[in-house]
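The values are calculated or read from the model by the stated rules, or taken from the named source; none is laboratory data. Small disclaimer: the values here were computed from a predicted structure and weren't measured. For neighbour counting, all protein chains shown are included, and Cβ atoms are generated from backbone atoms with ideal geometry for every residue, glycine included. Keep in mind that these areas ignore ligands, DNA and RNA; they rest on the heavy atoms of the full protein, side chains included. Shrake-Rupley method; radii C 1.70, N 1.55, O 1.52, S 1.80 Å.
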Amino acid sequence: MKVVAVIPARFGATRFPGKLLKKLGEHSVIATTYLAVKNAGLFDEVIVAADDEKIIQDIEGVQGKAVMTSPNHASGSDRIAEVIQYIDVDVIVNVQGDEPFTATQALASLIDVFKNDHDKKVDVATLMEKLERKEDIQNPNNVKVVVGNNMDALYFSRSAIPFVRDENVVVDYFKHVGIYAYRKKALLAFTQLEPGTLEMAEKLEQLRYLENGYRIKVVETQYKTIGIDTPEDLEEARVYLGNLEQ
């Protein structure tokens with residue numbers, strides 16, 4: 001099974017433009033992410049799918065591989081699909097370029113889903129982590145996921161799901177961690193599908209898979225990620241990296 005990691009990298013982030021090229025330790029955010037994924041030793045190839053020449057040059061500066069993609073893609077999935085459509089690959093792992101500390105064990109758990117899927121019935125795999133604090137559960141920026149007994153995703157929402165009508169029932173809440181692994185066929189098919197009502201309402205593209213009958217396997221992870229969406233997040237990441245290096 002050939003497995004490739006692709007890191008979509010868009011320069012003009014709305015909340016924090018140019019964040020991927022901000023300094024994080026010795027390298028930029030995107031180069032730090034690339035090197036971490038490369039050094040994980042899990043992938044036959046690691047590719048950055050960029051929309052700006054400055055990102056290309058930055059990745060080439062650490063002897064990495066970066067490919068220029070169209071600036072007009074609506075999502076990271078579309079950007080990845082452009083890169084992999086002509087590559088001989090079985091499974092593609094989408095690693096977020098602004099999450100430089102994604103744990104190797106978490107990535108390996110996604111790959112294991114497909115290694116163990118002998119009948120090839122799983123289309124997509126993704127991660128979730130348990131939420132403990134009420135404010136995190138209620139925060140619409142934390143996407144929640146509910147799963148069935150077989151760990152297939154039932155729904156993703158910005159709302160706190162499930163809604164607990166009977167207070168005597170104890171339920172756990174899980175945050176969706178936006179790292180995906182796809183079969184090539186499923187990813188290419190996804191890009192040809194029109195966004196449905198649920199996706200447009202929630203602004204969650206993974207709902208397009210569910211609305212069209214695709215199977216998403218969810219794996220619980222204990223490994224926290226640090227997503228860099230704001231300058232404050234970047235400072236937190238710098239502190240975290242400094243503690244790792246001590």
Among Gly196, Val46, Val62 - extreme Cα towards positive end, dipole of the chain, charges at beta-carbon: Gly196
Which whole-Hz ³J(HN,Hα) couplings does segment 84-101 yield from phi under the Karplus relation 6.51 cos²θ - 1.76 cosθ + 1.60, θ = phi - 60°, glycine and proline marked x? 9, 4, 10, 9, 7, 8, 9, 10, 10, 9, 9, 9, 6, x, 9, 10, x, 10
Anyone know which of Asn142, Asn72, Asn94 comes out most mobile in the 10 Å Cα GNM of the chain? Asn72
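Any idea what the dipole of segment 26-130 comes to, in debye rounded to 20, about its Cα centre with Lys/Arg Cβ at +1 and Asp/Glu Cβ at -1?
Magnitude of the dipole: close to 220 debye.
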Could you list which residues have their amide H under 5 Å from that of Tyr173, counting only those 5 or more apart in sequence or on another chain, with H placed in the peptide plane? Leu131
Roll a 1.4 angstrom probe over the protein heavy atoms and tell me the percent of accessible area of segment 73-171 that is carbon or sulfur. 45 percent
Give me the dipole magnitude in Debye, nearest 20, for the chain about the Cα centre, with unit charges on the beta carbon: positive for Lys and Arg, negative for Asp and Glu. 240 debye
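For segment 5-155, what is the relative contact order in percent, using Cα pairs closer than 8 Å and at least 6 residues apart in sequence?
Numbers: 177 pairs, mean separation 34.7, N = 151.
Once normalised by length, the contact order is 23 percent.
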Under 5 Å between amide hydrogens, which residues at least 5 positions from Val219 or on another chain qualify, with H placed 1.01 Å from N in the peptide plane? Thr126, Leu127, Met128
Could you tell me the distance between the Cα centroids of segment 41-115 and segment 169-240, to the nearest Å? 15 Å
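Rounded to whole Å and ordered largest first, report the semi-axes of the equivalent ellipsoid of segment 53-157 derived from its Cα gyration tensor (root of 5λ). Provide the component values of the computation, followed by the final result.
On the way: eigenvalues 158, 84, 42 Å².
The answer is 28, 20, 14 Å, longest axis first.
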Shape metrics for segment 52-101, restricted to C-alpha atoms - Rg then Dmax, Å: 11.8, 30
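Taking every pair of Cα atoms in segment 191-246, average 1/r, invert it to obtain the Kirkwood radius, and report Rg/Rh to two decimals.
Numbers: Rg = 17.4 Å, Rh = 14.5 Å.
Looking at segment 191-246, the ratio lands at 1.19.
Could you provide, to the nearest whole Å², the per residue accessible area of segment 148-232 with probe 1.4 Å? Don't skip to the end; give the middle numbers.
Numbers: 4880 Å² over 85 residues.
That works out to 57 Å² per residue.
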Kirkwood hydrodynamic radius for the chain: how many Å is it when counted over pairs of different Cα atoms? 18.7 Å
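How compact is segment 110-246 by the rule of thumb for globular proteins, expressed as Cα Rg over 2.2 N^0.38 Å?
Values: Rg = 16.6 Å, N = 137, 2.2 N^0.38 = 14.3 Å.
Compared with the compact-globule rule of thumb, segment 110-246 sits at 1.17.
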